[in-house]
Amino acid sequence: MPLQRSALVAAGKSYRLKGISQRVRRINISAIKEMPLLASRLEGCLSLGQGIPSFPTPRHIVEAAFAAMTESPETGKYSLGPGLLELRKAVAFELSRKAGIPVDPQREICITVGAMEALAAAVLTVVDRGDEVILPTPNYASHIEQVLLAEGVPVFVPLLETDWQLDVKAFERAVTPRTKAIILCNPHNPTGANFRPEDLRRLVEIALRRDLFIISDETYDFLVYDGGMHFSLTSIPELRENLIATFSFSKKYAMTGWRVGYVFAAEGVLDQMMKIHDAVAICAPTVSQVAALAALSGPQECVWEIAAALRRRRDLTCRRLDGLRDHFCYVRPRGAYYLMARYTAPVDSMTYALRLLREARVITIPGAAFGPTGEGHIRLSFGGTEEEIDGAFDRMTRWLKTNPFPHS
């Protein structure tokens, strides 16, 4: 059964169920995608919802893709299934440089349709019907739906709400003979946590001892704050045969619409994932791969500019929330560009988010989408401009002054 109430169902839309497979009936479109869909039917909404950075794709990336489209007919055709070899070599070099390990571009790297396809292929490759997959909660909503699509069983382990860090002992208690994998996103969507290296290493010890896969979503590897560092699980050599690590160009290079990412896994695992990749995608868009190559090989100032702007936006979002401390509490994000705000109103998170959308024209994401301990929260993204963030909080402030929940 679905783990959350669909935003579209909550808004009154009905779905056909007759003839629809049970695997599809078990899942929902993520509320992260549904809330903007609902907002598109209203006028003048401001978004603190879906994680779309406001920045344009850097000019040198666009120009490289344009030149390839106009000068090389091959750009409009399929690439090899695993992706353009030149791009795989660039990815392998970058990953090897950061993780301090050798990476084989022809045997251990596949270019995918964003990190989302890589994650789905990973889950479908290792999870059988009835297999248990351990996820932290709150957790990125699509990871949950991917496990359900594979007919697996999500097993939720709460993060420590004081700082949204991993409760390693609770993870170990959650392992059973049916456990197949652990999924981790670090830096973390939706909480903004940057998990401690010592906790990640202890989790790796558990995975190796019990022969579990770890599926690592490292989309926000470049985005940590306050002098912190990102610890990549790819840097642990002994985990190599049990690790599937996914990465994205979407946030780092403002390329969400290009739909390109990559996966790193041992050859024997990647060979099996390629079956899924071929069945659902054939290959990532060739023009997007050309753009990704330009992103990796070109100037990197754009990455640091994006990170610096998002740090300022984080600080702005925290200041605005501090001004609403009678209504919200939160943990200051240490990475990514999200936070989970716990509200004081005595309603479920879907009701809260829908009323905020309809009455204040502000898009947020109901916390229930992110697993059991997400309830009672809304997720806020600070990917928008400072003007958009300020405007959204101005609306929220006016809305809250109307006392929309008189019994809170």
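Readers should treat all values here as calculations from the given coordinates under stated rules, not as data from a laboratory. Owing to the predicted nature of the structure, the values given are computational and were not obtained by experimental measurement. Neighbour counts run over all protein chains shown; Cβ positions are idealised from the backbone, glycine included.
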Inset, instruction - Report, to the nearest 10°, how far helix 85-99 tilts away from the longest principal axis of the Cα atoms in the chain, using its own Cα long axis and a range of 0 to 90°. - result: 70
Legend entry - Residue-averaged [θ]222 nm for the chain, counting only DSSP H segments that reach four residues, each worth -39500 (n - 2.57): -12500 deg cm²/dmol
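Report for the chain the percent antiparallel among DSSP-assigned beta bridges with both residues inside it, nearest 5.
The answer is about 50 percent antiparallel.
Which whole-number percent is the relative contact order of the chain (Cα, under 8 Å, 6+ apart)? Could the numbers behind the result be given before it?
Values: 791 pairs, mean separation 99.2, N = 408.
Relative contact order here is 24 percent.
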Legend entry - Folded to 0 to 90 degrees: helix 197-210 orientation relative to the chain principal axis, Cα: 60
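What is the dipole size for the range 103-163, taken about its Cα centre, with +1 at each Lys and Arg Cβ and -1 at each Asp and Glu Cβ, in debye to the nearest 20?
Value, rounded to 20: 120 debye.
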Inset, instruction - Would you mind checking the radius of gyration and Dmax of the chain based on alpha-carbon positions, in Å? - result: 20.9, 65
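Taking only Cα atoms of the range 360-407, what ratio of Rg to Rh do you get with Rh as the Kirkwood inverse-distance radius? Can you show the working numbers first?
Working: Rg = 12.4 Å, Rh = 12.1 Å.
Rg/Rh: 1.03.
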Inset, instruction - Please list, in chain and number order, the residues 5+ apart from Cys185 or on another chain whose amide H is under 5 Å from its amide H, with Hs placed from the backbone. - result: Asp217
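So what is the relative contact order for the range 183-247, in percent, with contacts set as C-alpha pairs under 8 Å and at least six apart? The partial results should precede the final answer.
Numbers: 82 pairs, mean separation 25.5, N = 65.
Relative contact order comes out at 39 percent.
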Inset, instruction - Return an integer: the convex hull volume of the alpha-carbon atoms of the range 152-205, in Å³ per residue. - result: 87
Inset, instruction - Calculate the translational D of the range 26-80 in whole µm² s⁻¹ from Stokes-Einstein, where the hydrodynamic radius comes from the Kirkwood formula applied to all Cα pairs, the temperature is 10 °C and the viscosity 1.306 mPa s. - result: 106
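Report, in listed order, any pair from Lys251/Lys401; Lys33/Lys180; Lys89/Lys251; Lys98/Lys169; Lys169/Lys252; Lys33/Lys252 with a Cα-Cα distance greater than 31 Å. List each step's numbers first, then the result.
Working: Lys251/Lys401 35 Å; Lys33/Lys180 28 Å; Lys89/Lys251 21 Å; Lys98/Lys169 29 Å; Lys169/Lys252 33 Å; Lys33/Lys252 20 Å.
The pairs that break the limit, which is 31 Å between Cα atoms, are Lys251/Lys401; Lys169/Lys252.
Given Cα pairs under 8 Å that are at least 6 residues apart, what percent is the relative contact order of the range 60-297? Walk me through the numbers on the way to the answer.
On the way: 445 pairs, mean separation 71.3, N = 238.
Worked out over the range 60-297, it gives 30 percent.
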Legend entry - Rg to Rh, two decimals, where the range 157-248 supplies the alpha carbon set and Rh follows Kirkwood: 0.94
Legend entry - the chain: angle of helix 114-126 to the longest principal axis, Cα-based, in degrees nearest 10: 80
Legend entry - Segments 94-106, 248-260 sorted - mean Cβ within 10 Å per residue, highest first: 248-260, 94-106
Inset, instruction - Take the Cα radius of gyration of the range 282-361 and divide it by 2.2 N^0.38 Å, with N its residue count; two decimals is plenty. - result: 1.62
Inset, instruction - Would you mind pulling out the separation of the Cα centroids of the range 245-301 and the range 352-380, in Å? - result: 31
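What share of Cα pairs, in percent, lie more than 27 angstrom apart in the range 60-297?
Percent of Cα pairs beyond 27 Å in the range 60-297: 32.
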